[in-house]
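The structure under discussion appears below in the form of structure tokens.
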Amino acid sequence: MAAKKKELVSQININSQELWEEMLCLKGLIVVDAFQTWCGPCKTAVDLFRKIRNEVDSDLLCFAVAEVDSIDALEKYRGKCKPAFLFYSGGELVAVVRGVNAPLLRKTILEQLAAERKVLEHGGERVVVQDRAFSQEEGNAAAFQEE
């Protein structure tokens, strides 16, 4: 019987500001599922992330779940019921995807991982984004527009 491919660690659990700051120092692309205690991390995304992680088999790709209730830097994500996936490279926010859209998440992960490889290998420049977290008055209809 052939040896089973070693499965890589699928995610890091972040539940404090200190762990958040340590995570931002990691090399590569970090995809963060920002969740609240009352609704928990997106279970659908965990399977997708595990599949992508095993396909790309790269030390430059890391997945994390972050409890926004206990991380000051993620305060603006509190009180929202729509999942937010935050993409960090070099400690900077480089992309945001709102909602569980598997094709968009996959596309964003692969594009951002390729961009991070370029930065690390050839000295390219990261494109940093500002997350325009919507206010309660705007509601879900005005959420950040993905492609």
Selection status of Cys39, among the hydrophobic types (A, V, I, L, M, F, W, C), over 12 Å from the mean Cα position of the chain (by Cα) and at pLDDT below 85: yes
Pairs please, first residue from region 117-142 and closer than 20 Å to Leu74 by Cα, second anywhere and modelled with pLDDT of 60 or more and in a helix (DSSP H, G or I), Cβ atoms under 8 Å, 6+ apart in sequence or on different chains. Asp131/Lys76; Ala133/Lys76; Ala133/Tyr77
Among residues of region 76-93, those that are assigned to a strand (DSSP E or B) and touching a residue at least 60 places away in the same chain (Cβ under 8 Å), counted: 2
In region 67-83, residue modelled with the highest pLDDT [restricted to those that are touching an Asp or Glu at 6+ places or on another chain (Cβ under 8 Å) and buried (at least 20 other Cβ atoms within 10 Å of the Cβ)]: Val68
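A quick yes/no check of all residues on (1) surrounded by 15 or more Cβ atoms within 10 Å (Cβ to Cβ); (2) part of a helix (DSSP H, G or I); (3) at pLDDT 85 or above; (4) among the charged types (D, E, K, R):
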| residue | (1), (2), (3), (4) |
| --- | --- |
| Lys107 | no, yes, yes, yes |
| Glu116 | yes, yes, yes, yes |
| Val127 | no, no, yes, no |
| Ala133 | yes, no, no, no |
| Ala141 | no, yes, no, no |
Search region 33-66 for residues being assigned to a loop (DSSP other than H, G, I, E, B) and within 23 Å of Val128 (Cα to Cα), and hand back the single one that is most open to solvent (accessible area, probe 1.4 Å). Asp59
Considering only residues that are assigned to a strand (DSSP E or B) and within 19 Å of Asp69 (Cβ to Cβ), which ones fall in region 14-32? Ile14, Val32
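The values are calculated or read from the model by the stated rules, or taken from the named source; none is laboratory data. Note that the structure is predicted; figures quoted are calculated from it, not measured. In this analysis, Cβ positions are derived from the backbone assuming ideal geometry, glycine residues included, and neighbour counts consider all displayed protein chains. Just so you know, the surface numbers come from the protein's heavy atoms only, side chains and all, with ligands and any DNA or RNA stripped out. Shrake-Rupley method; radii C 1.70, N 1.55, O 1.52, S 1.80 Å.
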